[in-house]
Amino acid sequence: MNAVPPLSPSISAPRLILGIDTSCDDTGVGVVELLPSGSVRVRANRIWSQQVHARYGGVMPELASREHVERIDEIMGAALEEAGLSVQDIGAVAATSGPGLVGALLVGLMYGKGVAQALNVPFFAAHHLEGHIFAAASEEELQAPYLALVVSGGHTHLFDVPEEGKYVLVGATRDDAAGEAFDKIARLAGLGYPGGPAISEAATRGDPDAVPFKEPLQGQKGFEFSFSGLKTAALLAHKAGAKPEDLAASFERAAVRFLVKTTLRAAHAYGRGTVVVSGGVAANRALRAAFAATDLHAVFPGAGLNTDNGAMIALAGAAALHAGRSPSALDAGAEAYAPLATPLAEA
C-alpha cells in the first residue's frame, strides 16, 4: 500500500483516524486527518518512551506490557487534547497487531478494538512495518516503484515495492537488527540506553578512523545484512582500550556505510530511484547524510515519526480505508511474527 490516494467525491470516508502502537517499549497514540484534497495531516502524535528497561540494557517484555497498561489512557487523552478533539470525533481506529512482543501488542490491540466498538467505527489491525513505511509517506506522496529500508531496534528489512500494496523482501539481517546492534555497542562502551542517540552523540566527539572495522558480508551477491562481525570487532577494540567516543564514531561509520552500500546496490539492481528509509535508526544524522550523498532520492519520516508511534499506524489505517480494504474483525489477534512481504527474492 502506498500513500493515501485523493478522496473520490463518491466515497464517504472518516476524516479522523486514531492510531495506536504498543508493539514494544513505546506507547504511541496518534491522530491523522484526511483533508478534502486527499492529503494527510498529522494532528497529534504522543509517545511515552519507557525508561524502566535502561537498567537491563534491553527491553523486558513483561515490564513493557505492564507499563503500556498503566500509560495508555494517559497517552490517549494527551493525543486527543493535542489534536483538539474529543473521542467522539474519531471516525476509524487502527492498532498494531504485529509483529512485536505479544503481551505488549495485546494492550494496544484490545484498547483500539474497545474504542472502535464503543464508537461503532471501522477498526483496522495494522502491520507494524507498513506503518513505518507510511511514516515516511506522510512527508511526501510516494509513487511506486521504490525501495523501503526499515531499520530499527527490532527490524532491518529491505523491501522492493514494485506496485502499490505489494512488498517483496529483498534483504534482511542474519542476526541482530541495526538498532539492536547500536544498543549493544552503546552498552559495551558505557554510553547509555537507548543506544542510537547515545552512539550518535558520542560519535561527534570521536575519531571514526580510530577503530578499523571490516565491511560485513563482503562479496555477497544478495542484499542481506549482518552486524555480528561488527559487534565482535567492537568488543575486541573495547578490551584493547578504545575510547568510548572513538568506538562510537568508528562503529557508526561502519554500520552506516554498510546499510547505504547494500541499499544502493539493491536500488541499482532493481532499477529503483527512490528509497524510503524509516524506523528509529532513520533518525541518525550520519545515515541521512550518507544517503544524501548518493544518487538515490531518499525519503525519511518527519520529526517524531522515526521511532515507534501511533501516527504511523493511523496513516496505515487511513491508507487501508481509502484503498477499499474491509475493516478487520474484532477477533483479530496479536502476532509476534508477521511477515509483510513475499519470501526473500532470489539474488
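The values are calculated or read from the model by the stated rules, or taken from the named source; none is laboratory data. For clarity, every value in this text was computed on a predicted model and none was experimentally measured. Please note: Cβ atoms are built from the backbone with ideal geometry, for glycine as well, and neighbour counts cover all protein chains shown.
Couple of notes before you dig in:
- For the range 81-114, the set of residues classified as more than 11 Å from Gly19 (Cα to Cα) and aliphatic (A, V, I, L, M) consists of Ala83, Leu85, Val87, Leu101, Val102, Ala104, Leu105, Leu106, Val107, Met110, listed by residue number.
Okay, residues lined up against (1) at pLDDT 95 or above; (2) touching a strand residue (DSSP E or B) at 6+ places or on another chain (Cβ under 8 Å); (3) more than 30 Å from Leu188 (Cβ to Cβ); (4) in the same structural domain as Phe123 (by TED's automatic domain parsing):
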| site | (1), (2), (3), (4) |
| --- | --- |
| Val59 | no, no, no, yes |
| Leu80 | yes, yes, yes, yes |
| Ala83 | yes, yes, yes, yes |
| Gln88 | yes, no, yes, yes |
| Thr96 | yes, yes, yes, yes |
| Leu106 | yes, no, yes, yes |
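- Of all residues in the range 96-134, those satisfying the criterion of being in a loop (DSSP other than H, G, I, E, B) and either buried (at least 24 other Cβ atoms within 10 Å of the Cβ) or not aliphatic (A, V, I, L, M) (or both) are Pro99, Gly100, Asn120, Pro122.
- Count of the range 104-131 residues which are under 15 Å from Gly30 (Cβ atoms) and either small (Gly, Ala, Ser) or in contact with an Asp or Glu (Cβ under 8 Å, 6 or more places away or on another chain) (or both): 5
- Condition met for Ala144 (at pLDDT below 95 and of a type in the set (A, V, I, L, M, F, W, C)): yes
- Single residue of the range 143-175 satisfying the filter (touching a Ser or Thr at 6+ places or on another chain (Cβ under 7 Å) and not in a strand (DSSP E or B)) that is nearest to Gly273 (Cα to Cα): Arg174
- For the range 31-50, the count of residues that are modelled with pLDDT of 95 or more and among the small types (Gly, Ala, Ser) is at least one.
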